[in-house]
Amino acid sequence: MSSGQKRIDEEIYRVVRQIPVGRVATYGQVARLAGLGGRARRVGYALRILSGAGNIPWHRVVNARGGISSRASDGSSEHTQYLRLRAEGVRFGRNGRIRLDTYLWRPERK
DNA sequence: ACATTGACCCGTT
DNA sequence: GAACGGGCCAATG
């Protein structure tokens, strides 16, 4: 892995760390804030290699439809994400999705 | 180098 | 809504 890729990952993590408790951000939103334009997919790769450890609130990143995106593996990760969001007060609708107009993080430029 | 896959997103029908 | 197609691009074999 090149150092350039790693720098991009750090930038992504820097953004994710800023998402407040009880709010969520979409992959595309994180990509934009990290200066990656429309490369939302790149965000998913960065979060995937996180492997649970660390102080990055990866569970606060959801897809553009307000849902938890499926992973290639067993599904425990998705469940953990759901539980952590619930624990922060985020409510899910019957279709398993979040009301983005309520919970989407709107960063204030300072 | 090639093909496939994937924690995505958007527009159209 | 759903189904489809296209764009995107890094990882993997």
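The values are calculated or read from the model by the stated rules, or taken from the named source; none is laboratory data. Note that the structure is a prediction, hence the values are computed from the model and not measured. Backbone-built Cβ (ideal geometry, glycine too); neighbour counts: all protein chains shown.
Values for this structure:
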read-out	value
Total residues in the range A:43-66, condition more than 8 Å from DNA strand B (Cβ to nearest atom) and buried (at least 16 other Cβ atoms within 10 Å of the Cβ)	5
Given (1) among the acidic types (Asp, Glu); (2) free of Cβ contacts under 8 Å to residues at least 60 places away in the same chain; (3) surrounded by 11 or more Cβ atoms within 10 Å (Cβ to Cβ), number of the condition A:GLU88 does not satisfy	(2)
Count of residues meeting criterion [closer than 15 Å to A:PRO57 by Cβ, more than 15 Å from DNA strand B (Cβ to nearest atom) and not in a loop (DSSP other than H, G, I, E, B)] in the range A:79-110	2
A:ARG71 assigned to a helix (DSSP H, G or I), touching a residue at least 12 places away in the same chain (Cβ under 8 Å) and touching a helix residue (DSSP H, G or I) at 6+ places or on another chain (Cβ under 8 Å)	no
Residue count, the range A:28-42 (criterion: buried (at least 20 other Cβ atoms within 10 Å of the Cβ) and assigned to a helix (DSSP H, G or I))	3
Pairs with Cβ under 7 Å, 6+ apart, first in the range A:8-20 and of a type in the set (D, E, K, R), second in a helix (DSSP H, G or I)	A:ASP9/A:ALA46
Tally, over the range A:92-110, of residues that are at pLDDT 95 or above, in contact with a helix residue (DSSP H, G or I) (Cβ under 8 Å, 6 or more places away or on another chain) and exposed (fewer than 14 other Cβ atoms within 10 Å of the Cβ)	0
Inter-residue pairs, beta-carbon under 6 Å, first within 9 Å of DNA strand C (Cβ to nearest atom) and in the range A:33-58, second among the aliphatic types (A, V, I, L, M), 6+ apart	A:ARG39/A:ALA31; A:ALA40/A:ALA31; A:ARG42/A:LEU36; A:ALA46/A:ILE12
